[in-house]
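Beneath this line is the structure, given in structure tokens, with notes to follow.
The values are calculated or read from the model by the stated rules, or taken from the named source; none is laboratory data. Since we're looking at a predicted model, the values are computed, not measured. Please note: Cβ atoms are built from the backbone with ideal geometry, for glycine as well, and neighbour counts cover all protein chains shown. We work out accessible area using only protein heavy atoms, side chains counted, and drop any ligands, DNA or RNA first. Shrake-Rupley method; radii C 1.70, N 1.55, O 1.52, S 1.80 Å.
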Amino acid sequence: MGIFEAENFDVGGWRVSPEEGTVSREGRSERLEPLAMKVLVYLASRAGELVSRAELEREVWRVWCHRRTK
């Protein structure tokens, strides 16, 4: 299932509709940028778990980031 095929869910009083790319509450609806929605859906799918930056980058951006240490 793709990130935008996820079912609607609630988080922090907001109704999240990944397929529509919106969050809504109290009759007000806001459109999220696709990347912001991907991050929200991924983090909500891991609620209560620690998600590292590397994992988020790998799963949302699908890239491995190599950082130099000084």
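Overview of results
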quantity: Residue tally, condition within 21 Å of Arg58 (Cα to Cα), open to solvent by 40 Å² or more (accessible area, probe 1.4 Å) and of a type outside the set (D, E, K, R), over the stretch 1-31; calculated: 3
quantity: Tabulated pairs, the stretch 38-54, first open to solvent by less than 50 Å² (accessible area, probe 1.4 Å), second of a type in the set (A, V, I, L, M), C-beta under 6 angstrom, 6+ apart or interchain; calculated: Val39/Val60; Val41/Ile3; Val41/Ala6; Tyr42/Val60; Ala44/Val11
quantity: Residues that are of a type in the set (A, V, I, L, M), part of a helix (DSSP H, G or I) and under 14 Å from the mean Cα position of the chain (by Cα), drawn from the stretch 20-54; calculated: Leu35, Ala36, Met37, Val39, Leu40, Val41, Leu43, Ala44
quantity: The stretch 13-29 residues that are on the phi > 0 side of the Ramachandran plot, paired with ones that are open to solvent by 70 Å² or more (accessible area, probe 1.4 Å) and not β-branched (Val, Ile, Thr) (beta carbon under 6 Å, 6 or more apart); calculated: Gly13/Arg25; Gly21/Arg31
